[in-house]
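This report concerns only the one structure given below.
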Amino acid sequence: MTLKSMKPLTRAPLLYVSVQESLRAYIDDNGLAPGTLLPAEGELATQLGVSRNSLREGIKALESLGVLETRRGVGIFVKAFSFEPLLDNLAYGLGGALRQIEEVLEIRRTLEVGLIGKTIDVIGAEDIAELHATVNRMRAHAERGETFAEDDQLFHRLLFRCQDNETLVRLIDVFWLAFYKASDFVNLENADPMATWRDHAAIVDAIEAKDLEEARRRLDRHYEGIARVIANNKTSSNVGGTHEKTV
């Protein structure tokens, strides 16, 4: 395959930003798939008309954004898209700002309550069985006083997997993980994990019964509980620490 060359840069200010833009354009113009090895640093620097140091600054910036990946002794590769860099930056950006965490939670709440009706219309027995199995694991953890963050995230993904809308599932993951990561900076301790388990179990029961009103009510109640935890911590937030997240 004949690859298109990059055009030399013409502006000097914020050179590493220009390098980033040119590298992105090079990837897009050539339709380079994740895992593709880019030309060697020397060749890239020559095509761009910049020094290797300037090139490396641009590459490092794109690595931090999850666009490129440098493998020592091998080369520079196009990296598969991931929300992780966004999530990491979002979590640190939120920090201990409980108001912003409330806003993330409200977006999650609106998405899930608003779209649960379609799930009730299309969900099959296999997904319902997986939801029950996930809820059962939550109960076992709660009874032992253990956290169950991974099962909680899986639960919310399973609620909407049947809709075959990958963007929706990714958005739910984004908002779930943003809340979860941000809660590392403040004390969002769940004082009653058994109540959290019961909330999830009731949601599944309503979906299985195809009771839209009850499913929406139970989801809304679940989020009201999380909102109360946030409200209770507005005046006594604790940075860091290990705690159960109510998500």
How much of Leu171 can a 1.4 Å solvent probe reach, expressed as accessible area in Å² and rounded to 10? 70 Å²
Segment 15-78: Rg/Rh from Cα coordinates, Kirkwood Rh? 0.91
Roughly how many Å² of Asp28 are accessible to a 1.4 Å probe, to the nearest 10? 120 Å²
Taking K and R as +1 and D and E as -1, what net charge do the other residues with C-beta under 15 Å from the C-beta of Cys162 add up to? -4
Two-site FRET efficiency, Arg170 against Arg52, from Cβ-Cβ distance with R₀ of 35 Å, rounded to 0.05: 0.45
For segment 15-78, what is the charge dipole size about the Cα centre, in debye to the nearest 20, if Lys and Arg each add +1 at the Cβ and Asp and Glu each add -1 at the Cβ? 240 debye
So how much slack lies between Leu65 and Lys7, counting 0.36 nm per residue of separation and subtracting their Cα-Cα distance, in nm? 18.6 nm
What figure, in Å² to the nearest 10, do you get for the accessible area of Thr2 with a 1.4 Å probe and non-protein molecules left out? 130 Å²
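The values are calculated or read from the model by the stated rules, or taken from the named source; none is laboratory data. As the structure is a computational prediction, the values presented were derived from the model and not from experiment. A quick note on method: Cβ atoms are made from the backbone with ideal geometry, for glycine too, and the neighbour counts reach across all protein chains shown. Protein only, heavy atoms only, side chains kept; ligands, DNA and RNA dropped before computing areas. Shrake-Rupley method; radii C 1.70, N 1.55, O 1.52, S 1.80 Å.
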